[in-house]
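A short write-up of the structure that comes next.
The values are calculated or read from the model by the stated rules, or taken from the named source; none is laboratory data. Model, not experiment: these values are computed from the prediction. As a convention, Cβ positions derive from the backbone with ideal geometry for all residues, glycine included, and neighbour counts pool all protein chains shown. Accessible surface areas use protein heavy atoms only, side chains included; no ligands, DNA or RNA. Shrake-Rupley method; radii C 1.70, N 1.55, O 1.52, S 1.80 Å.
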Amino acid sequence: MNTADLCDHYGTELRILPGNWQWFGARRRFSGPVVTLYALGCNGEIRQKLAEPGAGRVLVIEAGGDPGALLGDRLGALALANGWAGVLVNGNIRDRHALAELDLGILALGSWPRRSHNREGGKLDVPLLLGGVSIEPGDWLYADEDGVLLAREELDPPKR
């Protein structure tokens with residue numbers, strides 16, 4: 001679904017996620033129910049979650065201000081193999097050339113060559129606040145090159 005059409009049809013029911021999002025995956029449009037993770041610069045829970053069946057879900061990760069890359073080629077391939085629709089990182093990724101080959105929606109603020117810590121310490125399925133916008137586990141995320149939208153439930157496509 002096109003985010004501009006969704007905005008026209010649903011108006012203020014939608015939340016627009018502000019940010020200078022950059023595309024890193026080959027898929028330039030994705031949507032799905034949200035799984036949240038406050039990562040605190042650690043990627044232990046990211047690997048754990050992406051190893052589960054994604055079933056078309058979207059993992060939304062808050063880096064907690066840590067510059068270390070939270071997603072690289074191996075985790076991206078794991079997400080794709082397990083059926084995740086996409087990953088949005090409020091932080092950095094790495095291996096951008098390898099990620100560009102994956103048919104996976106990947107949005108992040110930037111890239112950074114050093115990875116994050118390989119330890120646990122993050123919090124799964126917690127409310128996040130990104131750019132002043134609340135994101136709850138189970139929200140629906142819709143992303144394309146026009147922007148990122150959030151809804152409390154899955155939306156029907158607008159009729160033209």
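Pick from the stretch 5-45 the residues that are modelled with pLDDT under 95 and of a type in the set (A, V, I, L, M): which of them is farthest from Gly83 (Cα to Cα)? Ranking the qualifying residues of the stretch 5-45, first place goes to Leu40. Set side by side, the residues Leu80, Leu102, Leu109, Leu155 differ, and just one is among the aliphatic types (A, V, I, L, M) and part of a strand (DSSP E or B), which is Leu109. When the stretch 145-155 is filtered for residues that are touching a strand residue (DSSP E or B) at 6+ places or on another chain (Cβ under 8 Å) and either surrounded by 13 or more Cβ atoms within 10 Å (Cβ to Cβ) or among the aliphatic types (A, V, I, L, M) (or both), the ones remaining, listed by number, are Gly147, Val148, Leu149, Leu150, Ala151, Leu155. Exactly one residue out of Gly11, Gly44, Gly54 is out of contact with any strand residue (DSSP E or B) (no Cβ under 7 Å at 6 or more places or on another chain), more than 14 Å from Lys123 (Cα to Cα) and open to solvent by 10 Å² or more (accessible area, probe 1.4 Å), and it is Gly11.
The set of residues in the stretch 27-40 that are open to solvent by less than 50 Å² (accessible area, probe 1.4 Å) and either farther than 22 Å from Gly54 by Cβ or assigned to a loop (DSSP other than H, G, I, E, B) (or both) contains only Ala39.
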